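Right, one structure below, let's go through it.
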Amino acid sequence: MSYIPFDLLPDSSRLWIFAADRKLSDAEAEMLLREMQSFCNSWLAHQSSVTGSAMMMHNQFLLVAADESTFPSGCSTDEMMRRVRMLSETYGVEFFGMPRVQYRENGSIHSILREDFSEIAKSGSVTSATKVFDNTLTSLKEFREGKWELMAKDSWHARAFDFVK
């Protein structure tokens, strides 16, 4: 068996975070996750099982992780990406495409184009204290250390956008 629960993967596991352009319904998120977990159960790299896992967060983020010790090839990454693209089409949600920024405002998660985020940063509608999601993380260790959702001033967003002080 190659699928294991997310919390049992080692910190060194490779992580991919796919942010949807919209929040999925509970039913959509559950079905999508079930399909991705099924993929992880049969995920192969050079005829060997990849130990991987998938998790949905906030019905808007699909997280996929693979134990580095069982994950030796780019071909297996391509296979996983193809599956995510297929699920994207199936559920009518965009995980790829124009770069977006996800942030919290009044308890809700918003997903907007980078250009639009830049404009609201310049206007002061979002600030360096706004909670943002850093979907560029590549290790499960970083995710577990709380580096995924943080204030904009503590992420790459501080360098990329002009926040009104």
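The values are calculated or read from the model by the stated rules, or taken from the named source; none is laboratory data. Quick caveat: nothing in here was measured; it's all calculated off a predicted structure. Neighbour counts run over all protein chains shown; Cβ positions are idealised from the backbone, glycine included.
Consider residue 11 carefully, then state whether it is of a type outside the set (A, V, I, L, M) and more than 18 Å from residue 134 (Cα to Cα).
Against the criterion (of a type outside the set (A, V, I, L, M) and more than 18 Å from residue 134 (Cα to Cα)), residue 11 does not qualify.
Give the residues of segment 118-139 that are of a type in the set (Ser, Thr, Tyr) and within 30 Å of residue 53 (Cα to Cα), sorted by residue number.
Correct list: 130, 136, 138, 139.
If you take the residues in segment 64-76 that are hydroxyl-bearing (Ser, Thr, Tyr) and closer than 9 Å to residue 45 by Cα, which one is modelled with the lowest pLDDT?
Of all residues in segment 64-76, those hydroxyl-bearing (Ser, Thr, Tyr) come to 69-70, 73, 76.
Still in the list and also closer than 9 Å to residue 45 by Cα: 70, 73, 76.
Working: 70: 85, 73: 75, 76: 87.
The extreme case among them is 73.
Listed here are the residues, each with its yes/no results for (1) under 16 Å from residue 138 (Cβ atoms); (2) hydrophobic (A, V, I, L, M, F, W, C); (3) in the same structural domain as residue 114 (by TED's automatic domain parsing).
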site: 19; (1), (2), (3): yes, yes, no
site: 22; (1), (2), (3): no, no, no
site: 28; (1), (2), (3): no, no, no
site: 34; (1), (2), (3): no, no, no
site: 77; (1), (2), (3): yes, no, no
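Across segment 123-154, what is the number of residues that are over 30 Å from residue 4 (Cα atoms) and either modelled with pLDDT under 90 or of a type in the set (S, T, N, Q) (or both)?
Summing the residues that are over 30 Å from residue 4 (Cα atoms) and either modelled with pLDDT under 90 or of a type in the set (S, T, N, Q) (or both) in segment 123-154 gives 6.
Which of the following residues is of a type in the set (Lys, Arg) and more than 30 Å from residue 162 (Cα to Cα): 22, 100, 104, 82? Step through it out loud before you land on a result.
On the way: 22 fails: more than 30 Å from residue 162 (Cα to Cα); 100 fails: more than 30 Å from residue 162 (Cα to Cα); 104 fails: more than 30 Å from residue 162 (Cα to Cα).
After ruling out the rest, the residue left standing is 82.
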